[in-house]
Amino acid sequence: MAVPVKQGAGGRPGRQQNMPGPPALYNPELERLEIELLLEGIHRHYGFDFRSYAFSSIRRRLWKRVEGEGVRTISELQALVLHQPEAMERLLLDLSVNVTAMFRDPHFYKIVREELIPLLRTYPFIRIWHAGCSTGEEVYSMAIVLEEEGLYDRARIYATDINDNVLQKAKAGIFPLDRMQEYTENYQRAGGKRAFSEYYTAKYEHALFSPSLTRNVVFSQHNLVTDRSFAEFNVIFCRNVLIYFDKQLQNQVHRLFYDSLAMFGVLALGSKESLRFSKYEPCYEQLNPSEKLYRKVR
């Protein structure tokens, strides 16, 4: 999902630098009540469940939307969101923070080539799930790796996110041209085997990536919190998504991933995430501890 918040949550509940927040004399207890009511309303009216997300992160992003909508309180935001679906769309974009890049964390993709690809060669058909795929940069990155390793034609990639707006961007495969230098450097450091420019066509201020990279990709809306498993996978990528969930919700999503992985399938988490202290930790072995690759063994 773009996930409903992506990249380093946490921090004190106080107002952060350059981040919108409540008025200085705002009642904290009233504020928490308003936020709980808003999240309950969103869940019951739209089906998006943010009730178990890290409070400090949700709080900051709600106040950002309060400022963006030109209202004064969380309660006013609630009235707007529940009565105007377009306001809910704008809020969903704020809650689904999309921090991503092609070949982000190049060493991770280098390990994918060296340690994951040999495992995938043993399968006649490969199913991969990018959960919380955001605008698709990591999906295209994996498609390129599979293409270069001669595995793409026997692979199917499922790219899902809670936010349909970012899924549409992912499907289009159009990214800012000014990021191509960064992406090229990432690709090279990740062990790329060709000229990165072979994969896209530059036009005006955008780069259009080859449609061949998505010929075996299925883009679909999916909510990690409320939706169930929909297939059996050999690999699940869900990087820097779970850091926004509380412990109960993390366990809930880990159950979804466990149920969705084939035996000896691989789960790839983000650098700040871990299976430690999860009830499913005994079900996996560490394939690569530093890059958070886990293999289901029971």
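The values are calculated or read from the model by the stated rules, or taken from the named source; none is laboratory data. Keep in mind that this is a model prediction, so the values were computed, not measured. As a convention, Cβ positions derive from the backbone with ideal geometry for all residues, glycine included, and neighbour counts pool all protein chains shown. We work out accessible area using only protein heavy atoms, side chains counted, and drop any ligands, DNA or RNA first. Shrake-Rupley method; radii C 1.70, N 1.55, O 1.52, S 1.80 Å.
Just to be sure before I move on: is Gln181 open to solvent by 70 Å² or more (accessible area, probe 1.4 Å) and out of contact with any strand residue (DSSP E or B) (no Cβ under 7 Å at 6 or more places or on another chain) in the structure I sent?
Values: open to solvent by 70 Å² or more (accessible area, probe 1.4 Å): yes; out of contact with any strand residue (DSSP E or B) (no Cβ under 7 Å at 6 or more places or on another chain): yes.
Criteria met by Gln181.
Can you pull out every residue in the stretch 212-243 that is touching a strand residue (DSSP E or B) at 6+ places or on another chain (Cβ under 6 Å), of a type outside the set (A, V, I, L, M, F, W, C) and in a strand (DSSP E or B)?
Ser220, Asn234
Under 7 Å by Cβ, and 6 or more places apart or on different chains, what pairs join a residue from the stretch 178-199 that is of a type outside the set (Ser, Thr, Tyr) with one that is open to solvent by 20 Å² or more (accessible area, probe 1.4 Å)?
Close Cβ pairs (under 7 Å, with a partner that is open to solvent by 20 Å² or more (accessible area, probe 1.4 Å)) amount to Asn186/Arg104; Ala190/Lys110; Gly191/Lys110; Gly191/Arg113; Lys193/Glu148; Arg194/Glu148; Phe196/Thr184.
Among the candidates Asn223, Asn251, Asn216, single out the residue that is under 19 Å from Ile144 (Cα atoms) and polar (S, T, N, Q).
Values: Asn223 fails: under 19 Å from Ile144 (Cα atoms); Asn251 fails: under 19 Å from Ile144 (Cα atoms).
Every option except Asn216 fails the conditions.
One line per residue, one yes/no per condition, for (1) over 21 Å from Glu232 (Cα atoms); (2) touching a residue at least 40 places away in the same chain (Cβ under 8 Å); (3) open to solvent by 20 Å² or more (accessible area, probe 1.4 Å):
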| site | (1), (2), (3) |
| --- | --- |
| Ala101 | yes, yes, no |
| Lys110 | yes, yes, yes |
| Tyr123 | no, yes, yes |
| Ile128 | no, yes, no |
| Glu205 | yes, no, yes |
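With the structure loaded, tell me whether Tyr294 is in contact with an Asp or Glu (Cβ under 9 Å, 6 or more places away or on another chain) and of a type in the set (Phe, Trp, Tyr) or whether it fails that test. Walk me through how you get there before you give the answer.
Numbers: in contact with an Asp or Glu (Cβ under 9 Å, 6 or more places away or on another chain): yes; of a type in the set (Phe, Trp, Tyr): yes.
Yes.
Where residues in the stretch 64-83 are out of contact with any helix residue (DSSP H, G or I) (no Cβ under 9 Å at 6 or more places or on another chain) and open to solvent by 60 Å² or more (accessible area, probe 1.4 Å), which of them is nearest to Tyr244 (Cα to Cα)? Lay out the reasoning, then the answer.
Step one: filter the stretch 64-83 for residues out of contact with any helix residue (DSSP H, G or I) (no Cβ under 9 Å at 6 or more places or on another chain), giving 67, 70, 79, 83.
Imposing the further condition that a residue be open to solvent by 60 Å² or more (accessible area, probe 1.4 Å) reduces the set to 67, 70, 83.
Details: Glu67: 22, Gly70: 26, His83: 27 Å.
Among those that are out of contact with any helix residue (DSSP H, G or I) (no Cβ under 9 Å at 6 or more places or on another chain) and open to solvent by 60 Å² or more (accessible area, probe 1.4 Å), it is Glu67.
So that you can scan it fast, the table gives a plain yes or no per residue for (1) in contact with a Pro (Cβ under 9 Å, 6 or more places away or on another chain); (2) among the hydroxyl-bearing types (Ser, Thr, Tyr):
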site	(1), (2)
Ile162	yes, no
Glu182	no, no
Ser197	no, yes
Ser220	no, yes
Phe233	no, no
Ala262	no, no
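With respect to Val166, is the statement that it is open to solvent by less than 10 Å² (accessible area, probe 1.4 Å) and out of contact with any Ser or Thr (no Cβ under 6 Å at 6 or more places or on another chain) true? Explain how you work it out, then say what you get.
Values: open to solvent by less than 10 Å² (accessible area, probe 1.4 Å): yes; out of contact with any Ser or Thr (no Cβ under 6 Å at 6 or more places or on another chain): no.
No; evaluated as a whole, the condition is false for this residue.
Anything in the stretch 244-275 that is open to solvent by less than 50 Å² (accessible area, probe 1.4 Å) and either part of a loop (DSSP other than H, G, I, E, B) or in contact with an Asp or Glu (Cβ under 6 Å, 6 or more places away or on another chain) (or both)? List them, or say none.
Scanning the stretch 244-275 gives Ala262, Gly270, Glu273, Ser274, Leu275.
Out of the residues in the stretch 184-203 that are among the basic types (Lys, Arg) and exposed (fewer than 14 other Cβ atoms within 10 Å of the Cβ), state the one that is farthest from Ile111 (Cα to Cα).
Applying the first criterion (among the basic types (Lys, Arg)) to the stretch 184-203 yields 189, 193-194, 203.
Okay, now just the ones that are also exposed (fewer than 14 other Cβ atoms within 10 Å of the Cβ), so 193-194, 203.
On the way: Lys193: 15, Arg194: 18, Lys203: 33 Å.
Per the stated criteria, the residue is Lys203.
Suppose the filter is among the hydrophobic types (A, V, I, L, M, F, W, C) and in contact with an Asp or Glu (Cβ under 6 Å, 6 or more places away or on another chain); does Val225 pass it? Write out each step before concluding.
Values: among the hydrophobic types (A, V, I, L, M, F, W, C): yes; in contact with an Asp or Glu (Cβ under 6 Å, 6 or more places away or on another chain): yes.
Criteria met by Val225.
Return the pairs, sorted by first residue and then second, in which the second residue is at pLDDT below 90 and open to solvent by less than 10 Å² (accessible area, probe 1.4 Å), the first residue lies in the stretch 231-252 and is more than 17 Å from Cys133 (Cα to Cα), the beta carbons are less than 6 Å apart, and the residues are 6+ apart or on different chains.
Going by the 6 Å Cβ cut-off, the qualifying pairs are Gln250/Leu242.
State which residue pairs qualify: first residue within 15 Å of Leu91 (Cβ to Cβ) and at pLDDT 85 or above and inside the stretch 20-46, second residue acidic (Asp, Glu) and part of a loop (DSSP other than H, G, I, E, B) in any location, beta carbons under 7 Å apart, and separation of 6 or more residues or different chains.
If the second residue must be acidic (Asp, Glu) and part of a loop (DSSP other than H, G, I, E, B), the pairs left are His43/Asp49.
Would you confirm whether any residue within the stretch 214-229 is aromatic (Phe, Trp, Tyr), more than 23 Å from Leu293 (Cβ to Cβ) and open to solvent by 10 Å² or more (accessible area, probe 1.4 Å)?
The first filter runs over the stretch 214-229 and keeps only residues aromatic (Phe, Trp, Tyr), leaving 219.
Then keep just the ones that are more than 23 Å from Leu293 (Cβ to Cβ); that gives 219.
Keeping just the survivors that are open to solvent by 10 Å² or more (accessible area, probe 1.4 Å) gives 219.
Yes, because at least one residue in the stretch 214-229 is aromatic (Phe, Trp, Tyr), more than 23 Å from Leu293 (Cβ to Cβ) and open to solvent by 10 Å² or more (accessible area, probe 1.4 Å).
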